[in-house]
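Written out below as structure tokens is the structure these notes cover.
The values are calculated or read from the model by the stated rules, or taken from the named source; none is laboratory data. Bear in mind that the values here come from a model prediction, so they are computed numbers and not experimental data. So basically every Cβ, Gly included, is an ideal-geometry build from the backbone, and we count neighbours across all protein chains shown. To get the accessible areas, we keep the full protein, side chains included, count just its heavy atoms, and leave off ligands, DNA and RNA. Shrake-Rupley method; radii C 1.70, N 1.55, O 1.52, S 1.80 Å.
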Amino acid sequence: MLLYRQSDYQLSPISLSKKAEVTKGTMTGLLAGLENQGFIDKIPNPCDQRGYLVHLSSKGLQILEEILPVHYTLITNLMSGLEDGHLKELTSLLNLLSKNLVKY
């Protein structure tokens, strides 16, 4: 989904790891799996001849366009039962959990 949000559907592995808040090693493993399944392609980075960019493949784009509407509907329905106070509390708790995850 991080690639899908980019106008050109591509980012460097380092940018992806920062946006996903995971280590470079974790991202390397995730990218290997996505590449093996055909969801991403690695393309040469025109700004860094030693590096590459991760590009969302047509297969990856197709699967996201199939599942995202269902995902967004599910999340909307799930969250619709929460009042503003509940949403603020949930956001606060999720932010706290996220900060604790960084420690590990």
Exercise. Describe numerically, in nm with one decimal, the distance between label points set 7 Å from Cα along Cα→Cβ at residue 26 and at residue 79.
Key: 2.2 nm
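Carbon and sulfur atoms: what percent of the 1.4 Å accessible area of segment 33-104 do they account for? Working shown, then result.
Numbers: 3520 of 5870 Å².
On segment 33-104, the fraction of accessible area on carbon and sulfur atoms equals 60 percent.
Calculate the FRET efficiency for residue 72 and residue 43 from the Cβ-Cβ distance with a Förster distance of 30 Å, rounded to the nearest 0.05.
0.55
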Self-check item: Highest-MSF residue in the chain out of 54, 22, 70 [GNM, Cα springs under 10 Å]
Solution: 70
Self-check item: Point-to-point label distance, residue 1-residue 63, nm (Cα→Cβ direction, 7 Å offset)
Solution: 1.5 nm
Quiz item: Which helices, counted as full DSSP H runs in the chain, have an axial Cα extent of no less than 24 Å and a Kyte-Doolittle average of -1.0 or above?
Solution: 58-79, 84-102
Quiz item: With the Cα gyration tensor of the chain giving a ≥ b ≥ c as the square roots of its eigenvalues, does the rule (a/c under 1.5 for rounded; else a/b larger than b/c for prolate; else oblate) give rounded, prolate or oblate?
Solution: oblate
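Can you give me the relative contact order of segment 13-104 as a percent, contacts being Cα pairs under 8 Å and 6 or more apart? The partial results should precede the final answer.
Values: 49 pairs, mean separation 15.8, N = 92.
It rounds to 17 percent for segment 13-104.
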Quiz item: Which one of 71, 86, 55 has the biggest mean-square fluctuation once the chain is modelled by GNM with Cα springs under 10 Å?
Solution: 86
Quiz item: Taking the chain as a Gaussian network, Cα atoms linked when under 10 Å apart, which of 17, 58, 92 shows the biggest mean-square fluctuation?
Solution: 92
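Roughly how many debye, to the nearest 20, is the charge dipole of the chain about its Cα centre, given +1 on each Lys and Arg Cβ, -1 on each Asp and Glu Cβ, and no other charges? Show your work: numbers first, answer last.
On the way: 10 positive and 10 negative charges, 95 e Å.
It comes to approximately 460 debye.
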